[in-house]
Amino acid sequence: MSCVKAVCLRFTGDVAEFTIESNTIEETLSTKLLPKSVKRTQGNGSLSCRCEYPMDDMTVSVYAWNDGEAGDENKHDLPPPIDNDLYFGNVYLLGHIGNKMVDLTKSDYDSLINKYFEGFDDIGSEDSWSEEESVASDDSIHDFIVDG
């Protein structure tokens, strides 16, 4: 059996690429197939396919636990339709064409996020005031500020 690349969304918020023995895609993923480096934090129950996203020439399957211990909640925001679901432990993304697994890289994951989160504003550190929003020194807001 050959190996393919896959992506791990660590519960801490980090993204890691790992290799997994090429297999056919199924509804559940055995943790025995995962390398130790990406299976430290797990949820409870079975690791099941929660969603599939069409992506260029492949499909990306998301495997996650929907039950787990407090504090082990996965910090990643996933695109709709699973954007409101809570997952525990690490989340795994596998690429496939039909049932045959193919390489999925961190770059592919970035493309998936950009594609499915398109149109969402990034509320980050690039926020800035425009000239229209700045308060002029003669603005009435200064009447309410009391020096003291």
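The values are calculated or read from the model by the stated rules, or taken from the named source; none is laboratory data. Because the structure is predicted, anything quoted here is derived from the model rather than measured. All Cβ positions, even for glycine, are placed from backbone atoms using ideal geometry, and neighbour counts span all protein chains on display.
May I ask you to list the residues in the stretch 13-50 that are at pLDDT below 90 and in a strand (DSSP E or B)? Selection gives Glu21, Thr24, Thr28. If you go through the stretch 75-121 and pick out every residue that is touching a helix residue (DSSP H, G or I) at 6+ places or on another chain (Cβ under 7 Å), under 20 Å from Asp57 (Cα atoms) and touching a residue at least 40 places away in the same chain (Cβ under 8 Å), you end up with 2.
Within the stretch 91-113, the set of residues being more than 11 Å from the chain's Cα centre (by Cα) and assigned to a strand (DSSP E or B) comprises Leu94, Gly95, His96, Ile97, Lys100, Met101, Val102. Restricting the search to the stretch 71-90, which residues are polar (S, T, N, Q) and part of a loop (DSSP other than H, G, I, E, B)? Scanning the stretch 71-90 gives Asn74, Asn84. For the stretch 51-70, the set of residues classified as in contact (Cβ under 8 Å) with a residue 40 or more places away in the chain, in a strand (DSSP E or B) and either under 20 Å from Asp14 (Cα atoms) or out of contact with any Gly (no Cβ under 7 Å at 6 or more places or on another chain) (or both) consists of Tyr53, Met55, Val60, listed by residue number.
In this structure, does Leu29 turn out to be touching a Ser or Thr at 6+ places or on another chain (Cβ under 7 Å) and in contact (Cβ under 8 Å) with a residue 60 or more places away in the chain?
No: the conditions fail for Leu29.
The set of residues in the stretch 114-130 being modelled with pLDDT of 55 or more and either over 30 Å from Thr24 (Cβ atoms) or not in a helix (DSSP H, G or I) (or both) consists of Phe117, Glu118. The one condition from (1) over 15 Å from Tyr109 (Cα atoms); (2) surrounded by 13 or more Cβ atoms within 10 Å (Cβ to Cβ); (3) touching a residue at least 40 places away in the same chain (Cβ under 8 Å); (4) charged (D, E, K, R) that Arg10 does not meet is (1). Residue count for the stretch 1-42 satisfying the condition of being more than 16 Å from the chain's Cα centre (by Cα) and of a type in the set (Gly, Ala, Ser): 4. Please tell me if Asn90 is polar (S, T, N, Q), closer than 20 Å to Phe18 by Cα, at pLDDT below 95 and touching a strand residue (DSSP E or B) at 6+ places or on another chain (Cβ under 9 Å). So Asn90 fails the test.
Yes/no matrix, rows are residues, columns are (1) more than 18 Å from Ser111 (Cα to Cα); (2) touching an Asp or Glu at 6+ places or on another chain (Cβ under 8 Å); (3) not hydroxyl-bearing (Ser, Thr, Tyr):
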position: Lys5; (1), (2), (3): no, yes, yes
position: Asp14; (1), (2), (3): no, no, yes
position: Thr24; (1), (2), (3): yes, no, no
position: Ser30; (1), (2), (3): yes, no, no
position: Leu33; (1), (2), (3): yes, yes, yes
position: Lys39; (1), (2), (3): yes, no, yes
